[in-house]
1. Here are GLY66, GLY60, GLY9, GLY37: which of them is of a type outside the set (A, V, I, L, M, F, W, C) and either at pLDDT 85 or above or touching a Ser or Thr at 6+ places or on another chain (Cβ under 6 Å) (or both)?
2. Only one of these is under 21 Å from TRP128 (Cα atoms), exposed (fewer than 15 other Cβ atoms within 10 Å of the Cβ), at pLDDT 90 or above and not charged (D, E, K, R): LEU48, LEU25. Name it.
3. Do you know which residues across segment 17-49 are farther than 30 Å from GLU170 by Cα and among the small types (Gly, Ala, Ser)?
4. Pick from LEU123, LEU117: which is modelled with pLDDT of 90 or more and under 13 Å from the mean Cα position of the chain (by Cα)?
5. Working carefully through the options GLY19, GLY60, find the one that is more than 28 Å from THR129 (Cα to Cα), within 12 Å of the chain's Cα centre (by Cα) and part of a helix (DSSP H, G or I).
6. Which condition breaks for SER71 when tested against (1) hydroxyl-bearing (Ser, Thr, Tyr); (2) in contact with a Ser or Thr (Cβ under 8 Å, 6 or more places away or on another chain); (3) modelled with pLDDT of 90 or more?
7. Looking at (1) in contact with a Phe, Trp or Tyr (Cβ under 6 Å, 6 or more places away or on another chain); (2) surrounded by fewer than 16 Cβ atoms within 10 Å (Cβ to Cβ), which one does VAL58 not meet, given that it meets all the others?
8. Which members of segment 127-174 meet the condition of being farther than 24 Å from ALA43 by Cβ, surrounded by 12 or more Cβ atoms within 10 Å (Cβ to Cβ) and of a type in the set (A, V, I, L, M, F, W, C)?
Amino acid sequence: MGATGRAIGWLQHAAAPLGILGAVLLVLFWNAQARGGIPLDLAAPLHLATAVALTLGVLGHQLAHGTQVQSWVGWAGTAAVAEGFMDQLPLLCAGLAAFGVSVARSTVHRHTTGALLAAGAALLLVSWTSAPGFGTEAALPLPWRLLMAAGLLLVGSALTDLGVAAHEREHALALLARERTH
């Protein structure tokens with residue numbers, strides 16, 4: 001196996017923990033952005049850690065689709081997630097939504113997980129574009145905070161479910177391989 005194959009294998013194996021870590025960091029990152037940011041000495045590491053974990057997690061899950069015809073939407077979503085961390089939160093939301101649609105259409109992942117991911121990303125997009133005072137130190141009105149919380153909960157739950165499902169698939173494959181050798 002060449003270096004590319006090893007990198008792909010590592011990404012697929014690491015997708016579950018990276019996706020879950022990325023979901024947790026996204027909650028912190030999004031809340032920091034919603035409230036006008038945090039001090040620069042904390043913002044830069046949080047931004048970088050969130051971008052790396054979430055992008056690599058989504059990429060690893062996307063690789064599980066392989067070359068299925070419907071996976072092109074997920075590849076576009078994965079690229080948009082990565083690009084969205086370049087100060088383009090709407091693109092991040094759109095990327096998560098596109099990736100969610102791809103997951104919902106996939107034969108590899110649970111369909112409901114993709115639908116929840118797309119719905120959560122859509123809620124985040126609406127909260128970013130419509131919430132009065134988003135990105136300032138002003139407190140957001142309660143309905144907008146609830147909308148953001150719902151979106152973050154759906155995205156985090158969907159990414160966690162993808163991680164759990166990937167772990168279950170790996171475990172089942174390992175058991176099958178062990179049974180074949182005995």
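1. Values: GLY66 fails: either at pLDDT 85 or above or touching a Ser or Thr at 6+ places or on another chain (Cβ under 6 Å) (or both); GLY9 fails: either at pLDDT 85 or above or touching a Ser or Thr at 6+ places or on another chain (Cβ under 6 Å) (or both); GLY37 fails: either at pLDDT 85 or above or touching a Ser or Thr at 6+ places or on another chain (Cβ under 6 Å) (or both).
Every option except GLY60 fails the conditions.
2. Details: LEU25 fails: exposed (fewer than 15 other Cβ atoms within 10 Å of the Cβ).
Just a single option satisfies the conditions, and that option is LEU48.
3. Passing the criteria: ALA32, ALA34, GLY36, GLY37, ALA43, ALA44.
4. Working: LEU123 fails: under 13 Å from the mean Cα position of the chain (by Cα).
Criteria check complete, one pass: LEU117.
5. Values: GLY19 fails: more than 28 Å from THR129 (Cα to Cα).
GLY60 is the lone residue from the list that is more than 28 Å from THR129 (Cα to Cα), within 12 Å of the chain's Cα centre (by Cα) and part of a helix (DSSP H, G or I).
6. With respect to (1) hydroxyl-bearing (Ser, Thr, Tyr); (2) in contact with a Ser or Thr (Cβ under 8 Å, 6 or more places away or on another chain); (3) modelled with pLDDT of 90 or more, SER71 is out only on (3).
7. (2)
8. Passing the criteria: LEU146, ALA150, LEU154, ALA158, LEU162, VAL164, ALA165, ALA166.
The values are calculated or read from the model by the stated rules, or taken from the named source; none is laboratory data. Predicted model only: the values in this text are computed from it and were never measured. Counting neighbours? That spans all protein chains shown, and the Cβs are built from the backbone with ideal geometry, glycine included.
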